[in-house]
Structures are given as structure tokens and as C-alpha cells.
């Protein structure tokens, strides 16, 4: 896949997440996907994402930086949202937060087979 095609593929994956298209997710994620070094499988990865949307009803992924190197993609994702309950160990209880995620993906045959992710909380409206 060319760099342009890989970047477009990744943007389509992010669009799939933002539409909450859980059936369409299968075309982007491999059956034996790993997350931060642990094999979670497609079902575990999908369930993690669904849980994210349950915890953060207004969750939306915004690509800030996107780099492609062969079958590897690096992205900085931005989030502006209002999680319910606890978030990143803090009791935010519906307060507005912004955070970013630095995430790296490895693709195999056009599907994500490994993800490494680190999220960083920036601030809440009341901090």
C-alpha cells in the first residue's frame, strides 16, 4: 500500500470509529489484534472501544498528526469531551476535558494487527 493509500485507510478507520460503525470495524482490525503488547483479539478491541463511548458519550477522534512509514502509522489524536464518572483516575463526573493520544499502529494486509497507545490529559474546564 502506498503512503497516500495507507493515510486514507487510516482516516477511514477513524471515520468508522466516529460513526460508531461496529460492524464496519472488522474491515479495519485484524482478528488477532494486540493492544499495548497484549493480544486482545477483535472482540476485545471492539469491546474496549464500545466501553470508551459508554464512558465518554460525546467521544470523537480528531487527527492532529498523521505519519505513515510502510505498514506503520503514527498519529496524535485530539479529544474534547465530557466523560462521565472517573477518567484517567480522576473523578471528572461530566466535566469537560481535553486530552491527546499518541498512538502507533502496525498494519498487515490492510488491517490493524497491533496498537500501542499512550493518552495524556491536558486540563479540565475547572482546573
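The values are calculated or read from the model by the stated rules, or taken from the named source; none is laboratory data. Because the structure is a prediction, the values reported are computed rather than measured. Counting neighbours? That spans all protein chains shown, and the Cβs are built from the backbone with ideal geometry, glycine included.
Under the condition of being without any contact (Cβ under 8 Å) to a residue 60 or more places away in the chain and either surrounded by fewer than 16 Cβ atoms within 10 Å (Cβ to Cβ) or in contact with a helix residue (DSSP H, G or I) (Cβ under 6 Å, 6 or more places away or on another chain) (or both), which residue from the stretch 27-40 is farthest from residue 111 (Cα to Cα)? Ranking the candidates gives 38 first. Restricting attention to the stretch 62-102, the residues that are closer than 14 Å to residue 10 by Cα and surrounded by fewer than 17 Cβ atoms within 10 Å (Cβ to Cβ) total 12.
For the stretch 59-70, filtering for residues that are at pLDDT 95 or above and either under 24 Å from residue 94 (Cα atoms) or not in a strand (DSSP E or B) (or both) leaves 4.
Filtered by the rule that a residue be assigned to a loop (DSSP other than H, G, I, E, B) and closer than 22 Å to residue 34 by Cβ, the stretch 89-122 gives 109, 110.
Which of the residues that make up the stretch 41-58 are part of a helix (DSSP H, G or I) and in contact (Cβ under 8 Å) with a residue 12 or more places away in the chain? Working first, answer last.
Start the filter on the stretch 41-58 by keeping residues that are part of a helix (DSSP H, G or I), which leaves 41-55.
Across the stretch 41-58, the qualifying residues are 42, 45, 46, 48, 49, 50, 53, 55.
Among residues of the stretch 61-77 that are at positive phi, those with a Cβ under 9 angstrom from a residue that is in a strand (DSSP E or B) and surrounded by 12 or more Cβ atoms within 10 Å (Cβ to Cβ), sequence gap 6+ or separate chain, pair up as 70/107. Taking residues in the stretch 1-12 that are at positive phi and touching a residue at least 12 places away in the same chain (Cβ under 8 Å), and partners anywhere that are part of a helix (DSSP H, G or I) and surrounded by 17 or more Cβ atoms within 10 Å (Cβ to Cβ), not one pair has Cβ atoms closer than 6 Å while being at least 6 places apart or on different chains.
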